[in-house]
Amino acid sequence: MSDVIPETTDILARLIAEPTLSRQPNLALLEYVEALLAPAGARIERFASPDGSRANLWATIGPEGPGGVILSGHTDVVPVAGQAWTMDPFSLTARDGRLYGRGTADMKGFVASAIRAALLAARGPLAVPLHLALSYDEEIGCIGVRSLIDALAGRADRAALCIIGEPTSMQIATGHKGKRGLKACCHGVEGHSALAPKALNALHLGAEFILALDAAQAQLRETGAQDPDYDIPYSTIHAGVMQGGTALNIVPNLCEIDFEIRNIAADDPDLILADIRRAADQIAARHGNRFPTARIAIDEVSGYPGLDTPQDSPAVAWLRGLLEPGAGLIKVAFGTEGGLFDQALGLPVLICGPGSMDQGHKPDEYVSQDQLAACDAMLESLVLRLRQGGL
């Protein structure tokens, strides 16, 4: 093990230099992390994607056994294509107290700090272990981490806490909404546009379906459950993509609509989806006499559960003790793998990391050096606590 631990910014520069877009390989990044952690004595495992081009990494410092802490982060980043960057997105740029690059905020800044914390932890005995969980393809529905969580679910040495380092400006987020990603396939009957009334336009079916989604959203907004800790305090329904048709003189027979449900903990997404399916069936039935093959089929394509850790949880008090006074409790609009860890492993999960999602997914993404320093300080305090006995 080297006597010199790299600075977090040096680690971050190497992470940013790897353009680990979702669905693209991340193995070079993992090799770099392993080259740092293995000589420090970390016990390392990989959980590969089906095609072998990507993997999750699980690294443990300290003794075997239960009661440790997981630091979880994803290695993938969103694309930069079509964005007006003023600098190289895959080269870390320091300017005016900010560190620019794709993934600096979401969320390689935290990953770099967590790697440094693991190296610090390796310098002295821990009473309970520190785990580092790095996943792939989080940005497209928390896809990669599931194989890692499945493996952990079969083990007896459960951790006592999972901290997910998504950007919260170093506040403690105790929850986020669940998400269902769905596709509606609206099946009409094709025909020549000169005889359009004799056909069933699938785009028109899709328009009726989108109006039904809008009506369902209005009902959730006006009479549904509310959680004032969120910026949008109710469950939401959103249509993001509508595709159909091949030529202006052809009545299209297919229209596809990608939509989502994001639910607060008080709402059951299955019930929301059941209402949407009924509305879809009613739309198709209105055309059934003339067009018996009319239908709207809805398939789930992605999703993850929400997270709702009690704010009076001992884990919240423990994490607050590692932060500067005044760290607030919030809930975040974006999703994480937190609900999956909670659901499968039954351990408290909190979200706390440097930077703000206001800077994520944008050109000239950045994390401030002050935020990164605050994360380093929190994780240094965490390592000290783990030497004393953990939670």
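Odds and ends about this structure:
- Our Cα-only numbers for the chain put the radius of gyration and Dmax at 23.6, 80 Å.
- At an R0 of 56 angstrom, the distance between the Cβ atoms of A373 and T293 translates into a FRET efficiency of 0.35.
- Distant-in-sequence amide H partners of E166 (H built 1.01 Å from N, under 5 Å): C352
- Accessible surface ranking that places the most exposed of R158, R95 first, with a 1.4 angstrom probe: R95, R158
- Here r is the Cβ-Cβ distance between S53 and A81 and R0 is 30 Å; the resulting FRET efficiency, rounded to 0.05, is 0.90.
- Rg and Dmax of segment 235-292, based on Cα coordinates, read 15.0, 48 Å.
- Simple spin-label estimate for A28 and D214 in nanometres, 7 Å along Cα-Cβ: 4.7 nm
- Close amide H contacts of G303 (hydrogens built in the peptide plane, cut-off under 5 Å, sequence separation of 5 or more or a different chain): G181.
- Each label was represented as a point 7 Å from its Cα along the Cα-to-Cβ direction; for V241 and A317 these points are 4.8 nm apart.
- Across all Cα pairs in segment 62-137, the calculated P(r) in 5 Å bins from zero up to the longest distance comes to 3, 13, 20, 18, 15, 11, 8, 6, 3, 1 percent per bin.
- Mean sequence separation of contacting Cα pairs (under 8 Å, at least six apart), scaled by the length of segment 206-280, corresponds to a relative contact order of 31 percent.
- Our note on the geometry: Cα centres of segment 339-391 and segment 227-242, 25 Å apart.
- Bridge orientation summary for segment 63-146: considering DSSP beta bridges with both residues in this region, about 35 percent are antiparallel.
- DSSP bridge pairs, segment 1-136: antiparallel proportion in percent, nearest 5: 65 percent
- Only the Cβ atoms of Lys and Arg (+1) and of Asp and Glu (-1) were treated as charged; on that basis the dipole of segment 1-57 about its Cα centre amounts to roughly 240 debye.
- Difference of contour (0.36 nm per residue) and Cα-Cα distance, D231 to I140: 30.5 nm
- Ordering of 24-33, 98-107 by burial proxy (mean other Cβ atoms within 10 Å per residue, highest first): 98-107, 24-33
- Isolated cysteines in the chain, defined as those with no second cysteine Cβ under 4.7 Å, comprise C142, C162, C185, C352, C375.
- Pairwise centroid distance, computed over Cα atoms, of segment 1-31 with segment 285-327, Å: 31 Å
- Centroid-to-centroid separation of segment 176-191 and segment 84-153 [C-alpha atoms, Å]: 33 Å
- Computed extension gain for L271 through R43, at 0.36 nm per residue and net of the alpha carbon distance, reaches 77.7 nm.
- Cα shape, segment 1-155, gyration tensor, a/c 1.5 rule: oblate
- Set of lysines near K179 by C-alpha distance (under 21 Å), chain-local residues within fewer than 8 positions excluded: K331
- Linear extension gain, S302 paired with R123, 0.36 nm per residue minus alpha-carbon span: 60.3 nm
- When DSSP beta bridges are restricted to pairs lying wholly in the chain, around 75% turn out antiparallel.
- Relative contact order for the chain: 25 percent, from Cα pairs under 8 Å spaced at least 6 residues apart, divided by residue count.
- List E190, E166, ordered by accessible area with a 1.4 Å probe, largest first: E190, E166
- With every protein chain in place and a 1.4 angstrom probe, the accessible-area ranking of K177, K183, largest first, reads K183, K177.
- Heavy-atom surface of the chain, accessible at 1.4 Å and reported per residue (Å²): 43 Å²
- Nearest-0.05 FRET efficiency for D281 and I250, computed from C-beta distance (R0 35 Å): 0.85
- Segment 1-53 - percent of accessible surface contributed by carbon and sulfur, probe 1.4 Å: 52 percent
- Per-residue Karplus couplings for segment 110-117, computed as 6.51 cos²θ - 1.76 cosθ + 1.60 with θ equal to phi - 60°, are listed in order as 5, 4, 4, 5, 5, 4, 4, 4 Hz, Gly and Pro entered as x.
The values are calculated or read from the model by the stated rules, or taken from the named source; none is laboratory data. Here the structure is a predicted model, which is why all the values come from computation and not from measurement. Because the Cβ atoms are built from the backbone with ideal geometry, glycine has one as well, and the counts that use them run over all protein chains shown. Ligands, DNA and RNA are excluded from the accessible area calculation, which covers all protein heavy atoms including side chains. Shrake-Rupley method; radii C 1.70, N 1.55, O 1.52, S 1.80 Å.
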